[in-house]
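Remarks on the structure that follows.
The values are calculated or read from the model by the stated rules, or taken from the named source; none is laboratory data. Everything numeric in this text was worked out from a predicted model, so none of it was measured. Here Cβ is always computed from backbone atoms with ideal geometry, including for glycine, and neighbour counts include all displayed protein chains. Each accessible area value is taken on the protein alone, full model and side chains, heavy atoms only, with ligands, DNA and RNA left out. Shrake-Rupley method; radii C 1.70, N 1.55, O 1.52, S 1.80 Å.
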Amino acid sequence: MLFLPHCVVYSFVTNTCVCSLLYTDMIIEKTRHILKSVTKSSYQIDKDRRKKAIIGIFGKSGEGKSSLLSAILGKKDLLPSGCFGACTAVVTQVEANIDDSNYTAEIEFISKTEWEEELSELFRDINNDSGDRNEELIKSAVEKITALYGADADQKTLEELKNDEKFAEIETFLSLHKEEYLFISNSNLSDFTSEVANYIQHSASSPGGWFWPLVKSVTIKIPDCRELLEHIVLLDLPGTGDCNKIRNDLWKSKLRECSSVWIVSAINRAITDRDPLGLLKHCIEELGPGGKCKSINFICTKTDEISPASYMRSARLSRDQIPDDKDQGKTCILHRNELAKTKVKEKFDHSEIKNILNTNNQFQVFTVSSNAFFDHNLNLESSETEIPKLQDDLKNLNKSTNRELARDYVNKAKGILSLIQSGQLDKDKKTIEMKFSIIREFEKNLKESLTALETFFDSIHNDLEQHLSEGVEESVKSCVDSTTKLIAPNKDGRGFHKILGAFCRNYGFYWLKSQNVVLDLNKTLAQHLHKHIYNDFSQTFPVDGKTGKSVQEQIDKFSIIQSDSVYTSSDIPFQHMLNYIKTEETKLKAALKRDIVDMKKDIFSSVQITIVKEMASCYQQAAAVRGTGSMKMKQDILITRVDDIKQDMFNKAKKEMLKKFTNLKLYVLNTIKTELQEVIERSQSQTSEMTRMDVSREIEELERLLEQLSD
């Protein structure tokens with residue numbers, strides 16, 4: 001048995017014991033010691049470094065995201081004000097720094113070419129005097145230029161700006177190579193926050209020297225929060241609509257990586273907004289069938305901001321319900337919290353999001369007060385702020401991942417020792433013959449099981465091809481009308497010319513945030529193909545749970561150890577060889593299932609990516625059209641292009657999806673065949689002196705460690 005040392009280490013967040021993390025570390029160290037004592041320098045293994053769980057955080061500016069994250073991480077003003085949400089272009093993520101005690105930031109910039117192209121577009125928007133002026137784009141352009149170059153920079157010409165002294169400093173950042181980052185590290189939180197602020201926020205009252213328009217992404221690493229974030233990334237999803245295609249594509253790719261989503265909204269908006277989940281509906285495909293989102297947390301913030309008298313009137317609360325004036329504020333807060341939870345859950349249950357994400361009821365509503373978490377004079381207990389609940393969510397996810405990694409590590413070691421122990425079989429002719437008989441059966445089972453798995457994949461392929469063909473047929477019939485309806489609406493089209501230019505420059509996508517209107521021609525053109533495959537795709541690649549038809553379930557069933565084999569459970573001498581093979585199969589299946597999730601995202605998104613490629617030259621051509629009548633000319637170019645290439649475009653999209661599915665099939669089959677053939681060969685060739693060692697006691701000790709991890 002292992003025992004923790006007498007000293008107790010406490011979490012800086014909640015002063016709760018971090019024994020779990022220490023315990024798994026000690027188990028890994030103990031396992032490493034056992035393995036080294038047996039194998040000396042051979043068979044050393046590293047701890048699995050799989051991808052971290054990414055939690056995507058949605059929320060408009062001013063909803064309290066920065067305060068929320070600072071409270072969860074346990075230190076007021078930990079993140080710069082406006083870090084989350086102020087700058088719509090910047091993707092920001094927060095991780096644990098487990099290397100040292102400094103606060104660090106890695107800042108990635110767009111390229112020099114990208115900024116020069118964007119800067120030219122910004123000035124073109126500002127100087128556009130034609131009828132297709134887009135006031136929202138002009139406002140965004142002025143904001144970016146003045147943030148970087150200072151007040152009245154938007155009044156200068158592009159050439160004058162290039163001669164500005166600030167331009168040289170900007171050139172330094174843009175000259176970084178693609179793989180290079182600007183790295184900031186500081187042990188002092190206040191100094192760190194001040195340094196990072198220049199790259200992720202700005203002040204309208206003090207323009208100039210704010211570099212966020214050049215920033216592609218920022219990774220902030222926080223010390224002393226291993227218990228919360230060792231295996232987790234908190235990712236700000238700042239919305240789309242930025243006219244830089246590189247940043248837009250990065251935003252979408254990050255969406256597909258999210259295993260969980262937090263929607264942050266001030267509590268008054270959560271109750272009164274018609275669609276509090278509206279931020280999700282524009283990117284639901286990237287999270288669901290095109291991603292791997294398993295759960296949603298809706299977080300109502302600023303719950304302490306309330307006028308008890310006003311709330312009592314609006315909620316029709318009587319004095320009888322709140323007899324004590326001292327607790328009036330608290331009672332109103334808790335009453336509104338319960339009301340918000342009920343209303344948000346009702347809206348989620350009646351939304352299309354629930355069906356598309358198929359989260360198996362993994363939807364929670366939290367009502368939090370970051371201020372009250374730090375300030376106990378606001379009359380809320382710590383638990384009533386619900387910050388501890390969110391911390392527990394993170395801790396449990398982090399702890400579960402850490403335990404899983406430790407279990408994998410111990411299982412790998414057990415597999416190695418089982419392989420060594422199986423060498424005990426090679427002592428006489430009879431057992432050697434029996435061993436080779438079993439190995440021949442493994443080879444036969446591998447071949448038969450691969451054939452069955454290939455048949456399964458072919459069946460899925462045939463269904464996919466049939467439904468894609470139906471989708472192609474419907475898409476060809478409806479695409480011109482769908483395109484016309486999107487870009488040339490018959491109803492009141494006044495003002496539409498203001499966004500069509502940005503739509504074309506952004507390759508068929510634009511989010512008009514002031515009206516929460518999204519134009520996405522590529523998604524519109526892909527909709528019928530996706531609609532026809534959606535049910536089968538969800539069954540084949542479920543985000544969570546079992547469907548009876550999923551690839552993951554077929555992988556789970558796969559084994560070269562069959563129940564009707566020539567050996568039986570009473571063949572104790574052969575059990576170590578079987579344990580080795582089972583361990584290697586388990587390890588292979590886990591890796592394959594992770595790869596399948598990544599590959600299925602590419603399969604689903606391939607339709608829309610193909611459409612973008614086919615339409616790219618058309619978007620560029622339409623974006624270049626300016627002057628009188630430009631809106632009609634842009635519309636004609638787009639509609640004509642769709643009509644001309646519709647049959648070829650949709651057939652290419654179909655073929656690309658089928659090609660990617662076939663690649664998935666071949667990857668799975670070839671990986672299983674190669675890996676398990678090597679496993680069989682290794683189990684067959686255990687003849688060295690080391691493999692004749694008796695390591696049964698060490699195997700038993702590893703099994704006890706596995707039991708402790710399961711407890």
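Summary table
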read-out: Some residue of segment 319-327 being more than 18 Å from N371 (Cα to Cα), modelled with pLDDT of 85 or more and open to solvent by 70 Å² or more (accessible area, probe 1.4 Å); value: no
read-out: S459 being at pLDDT 95 or above and out of contact with any helix residue (DSSP H, G or I) (no Cβ under 8 Å at 6 or more places or on another chain); value: yes
read-out: Check on K632, in a helix (DSSP H, G or I), more than 26 Å from Q466 (Cα to Cα) and not hydrophobic (A, V, I, L, M, F, W, C); value: yes
read-out: Candidate set: segment 286-313, residues that are open to solvent by less than 10 Å² (accessible area, probe 1.4 Å) and hydrophobic (A, V, I, L, M, F, W, C); chosen: the one farthest from E257 (Cα to Cα); value: C300
read-out: Odd one out for R316 among (1) open to solvent by 70 Å² or more (accessible area, probe 1.4 Å); (2) closer than 17 Å to L378 by Cβ; (3) not aromatic (F, W, Y); value: (2)
read-out: Residue in segment 190-201 that is over 33 Å from the mean Cα position of the chain (by Cα) and outside any loop (DSSP other than H, G, I, E, B) present; value: no
read-out: Restricting segment 674-688 to residues that are assigned to a helix (DSSP H, G or I) and loosely packed, with under 14 Cβ neighbours inside 10 Å, the residue that is modelled with the lowest pLDDT; value: E681
read-out: Subset tally (residues that are part of a helix (DSSP H, G or I), open to solvent by 70 Å² or more (accessible area, probe 1.4 Å) and without any contact (Cβ under 8 Å) to a residue 40 or more places away in the chain) for segment 355-409; value: 8
read-out: Residue list for segment 645-673, filter: over 21 Å from I533 (Cα atoms), β-branched (V, I, T) and either touching a residue at least 60 places away in the same chain (Cβ under 8 Å) or loosely packed, with under 14 Cβ neighbours inside 10 Å (or both); value: V668, T671, I672
read-out: Answer residue from segment 138-180, given it is of a type in the set (D, E, K, R) and assigned to a loop (DSSP other than H, G, I, E, B) and is least open to solvent (accessible area, probe 1.4 Å) among those; value: D164
read-out: Subset of segment 417-429 (residues that are at pLDDT below 85, closer than 30 Å to E701 by Cα and in a helix (DSSP H, G or I)); value: S418, L419, I420, Q421, S422, G423, Q424, L425
read-out: Test result for L334, at pLDDT 85 or above, hydrophobic (A, V, I, L, M, F, W, C) and open to solvent by 30 Å² or more (accessible area, probe 1.4 Å); value: yes
read-out: Tally of residues being within 17 Å of the chain's Cα centre (by Cα) and open to solvent by 10 Å² or more (accessible area, probe 1.4 Å) across segment 217-232; value: 4
read-out: Filter result (under 25 Å from N663 (Cβ atoms) and surrounded by fewer than 19 Cβ atoms within 10 Å (Cβ to Cβ)) within segment 613-644; value: K613, A616
read-out: Matching residues in segment 445-471 - criterion: being farther than 22 Å from I560 by Cα and among the basic types (K, R); value: none
read-out: Some residue of segment 441-448 being assigned to a helix (DSSP H, G or I), at pLDDT 90 or above and under 30 Å from C332 (Cβ atoms); value: no
read-out: Single condition S185 does not satisfy, out of (1) under 17 Å from G208 (Cα atoms); (2) part of a strand (DSSP E or B); (3) among the hydroxyl-bearing types (S, T, Y); value: (1)
